[in-house]
Amino acid sequence: MMSLQKQASLLSSRIATALCPGNAAVWRTHLPRSRAIPLPNKRFIGDFRQQSFDRLEALASPQFQQSSSVHTEQQVGSSKVAPIDPYALLEQELKNIYEDIREEIIRATNHPELGKIATYYFDGQGKAFRPMITILMAKALKSDSGITTDQRQIAMISEMIHTASLVHDDVIDQSFARRGKPSVNVLWNQQQVAQAGDYILAVVSMMLARLRNDDVTLILSQILADLVQGELMQLVTKETENERFAHYFARSYRKTASLIANSLKAVAVQTGVDNRTAEVSFQYGRNVGLAFQLVDDLLDFVSSAEAMGKPAAVDLKLGLATAPVLFACEKFPELNPMILRRFRGPGDIERAYELVHRSEGLEQTRFLARKHCVEARRLASQIGESPYQKGLIVVCDFVLNRMK
């Protein structure tokens, strides 16, 4: 019988396979409208919840931490050197990246207010996580040379697509804060903000055209298709537990993981690596992206608004059942009708929040995030050893450390 950990991995992998081309040979082909995705049965969901604590404990054990941090600290004789910091490693490559993005946006318009709205989130206060990991992959694949202008453009595009999605999210979700400051829709009206988000994507389109690389354009265009579909998936609530888990994984891939996975694939293709290495880059990004979203969904239940820089428990308020809630359903079936009515009943949000904290949902979500980071580390180890390859492994620690 297949282990529970493998079944969980198989579910998310099959969903990703059903949503995106599996290798470089089919980048130009269209996917079928639908594809059957094998789903876990109810017994699996319950057993997975009951048995994963041992594995979670093993993942958190000193032995595991020691083995997983072997790449973050290097031994030189009997002394240790400083652990690798990807941001420090890429200091020159990331320098002025927000300034360059703002310049691209402002240069393409003579409308001062549009430029002001569109550049509002490019103030240098973000973590630049997506440009960092994109450039890191480019350097890891070809560590003996500097990054090219096109590779840096791909990194900028990844941040611009991400930020455009945040701008649109703020309109849809009626947010009031992001990154510790008033959200863009608080300062300008919805029509202006929606147009600004569209404008950022228009500038992205011009940047893609200048790359003059059809494969890279197709790969990065897939991100936009996935984002729109992921946003629409948030409007749908599935009836059964099995469907909800599949829907959640698919939505998480389209809204978060696709951007990271396809940005890394694009920069790999631009670097000129073989198809297998490009696929390794994609799968590494997919696992990091899914872990990132799982941690985000966890933090929505355990972090304060001040710590997150945006409202807490926002997913419940939007009617979304994320991993902590889905896992909590096994212990507290009363969550099922709340999910179906999208937490719109009197006291639903408060009750669901309480039940998630009383269940094992948060621990299960942590476990699943760690599982995806373990797989990302394994994939990174297939890339030639260099400080940048080690940096890819450290990125997994960055993602998981957000849970602390």
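Things to note:
- Yes/no for Gln270 being assigned to a helix (DSSP H, G or I) and surrounded by fewer than 17 Cβ atoms within 10 Å (Cβ to Cβ): no
- Residue in region 259-268 that is more than 19 Å from Arg130 (Cα to Cα), of a type in the set (Lys, Arg) and in contact with a helix residue (DSSP H, G or I) (Cβ under 7 Å, 6 or more places away or on another chain) present: no
- Filtering region 162-203 to residues that are among the hydrophobic types (A, V, I, L, M, F, W, C) and in contact with a Lys or Arg (Cβ under 7 Å, 6 or more places away or on another chain) leaves Leu166, Ala177.
- Within region 209-221, tally of residues that are part of a helix (DSSP H, G or I), open to solvent by less than 50 Å² (accessible area, probe 1.4 Å) and of a type outside the set (Ser, Thr, Tyr): 5
- Summed over region 222-244, the residues that are under 22 Å from the mean Cα position of the chain (by Cα) and either without any contact (Cβ under 8 Å) to a residue 60 or more places away in the chain or open to solvent by less than 10 Å² (accessible area, probe 1.4 Å) (or both) give a count of 10.
- Criterion (open to solvent by 30 Å² or more (accessible area, probe 1.4 Å), touching a residue at least 24 places away in the same chain (Cβ under 8 Å) and β-branched (Val, Ile, Thr)) met by exactly one of Ile172, Ile161, Ile157: Ile172
The values are calculated or read from the model by the stated rules, or taken from the named source; none is laboratory data. Worth saying up front: this structure is predicted, and the values here are computed from it rather than measured. Positions of Cβ are generated from backbone atoms using ideal geometry, with glycine treated the same way; all protein chains shown enter the neighbour counts. The area values use the complete protein model at the heavy-atom level, side chains included, leaving out ligands, DNA and RNA. Shrake-Rupley method; radii C 1.70, N 1.55, O 1.52, S 1.80 Å.
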